[in-house]
Amino acid sequence: MGEKIFHHIIPVREAMLVDDDTLCYFLSPDGDIEPAAEIRADLVTRNARGHKWITIGHCTNFDPATGCLGHSREEMEARSLVRF
Ligand SMILES: [Zn+2]
């Protein structure tokens with residue numbers, strides 16, 4: 001109780017610099033293989049909107065300016081599809 005869990009986050013600008021394999025490894029949601037070009041296009045869009053952070057998990061409490069705002073352990077355990 002009271003303990004907060006946070007998703008891993010990556011700076012958008014740094015994510016834009018890594019190679020395709022690394023991009024797909026970290027950012028393909030739910031294990032689907034998403035073309036690196038699509039991921040890059042998404043990063044460019046986010047950067048243009050002023051987003052600072054992306055998460056490599058499926059975060060429902062995410063602020064693109066500051067990152068994951070935290071989750072209770074109870075919430076995370078209830079969400080069986082969550083990947084950290
Ligand atoms: Zn989160």
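Quick one: angle between helix 36-48 and the longest Cα principal axis of the chain, in degrees between 0 and 90, rounded to 10, please. Approximately 80 degrees, to the nearest 10.
Multiplying the sequence separation of Asp21 and Glu77 by 0.36 nm and subtracting their Cα-Cα distance, what value in nm do you get? Could you put the intermediate results ahead of the total?
Values: separation 56, 0.36 × 56 = 20.16 nm, distance 3.02 nm.
Result: 17.1 nm gained on full extension.
Quickly estimate the mean residue ellipticity at 222 nm for the chain, helices only: each DSSP H run with n ≥ 4 gives -39500 (n - 2.57), and the total goes over all residues, rounded to 500. Don't skip to the answer; put the middle values down first.
Details: 4 runs with 31 residues, N = 84.
Per the formula, -9500 deg cm²/dmol.
Computed over the chain, the alpha-carbon pair-distance distribution with 5 angstrom bins reads 3, 15, 24, 23, 18, 11, 6, 1, 0, each value a whole percent.
We did not get these values from a lab; they are worked out from the coordinates using the rules stated. Because the structure is a prediction, the values reported are computed rather than measured.
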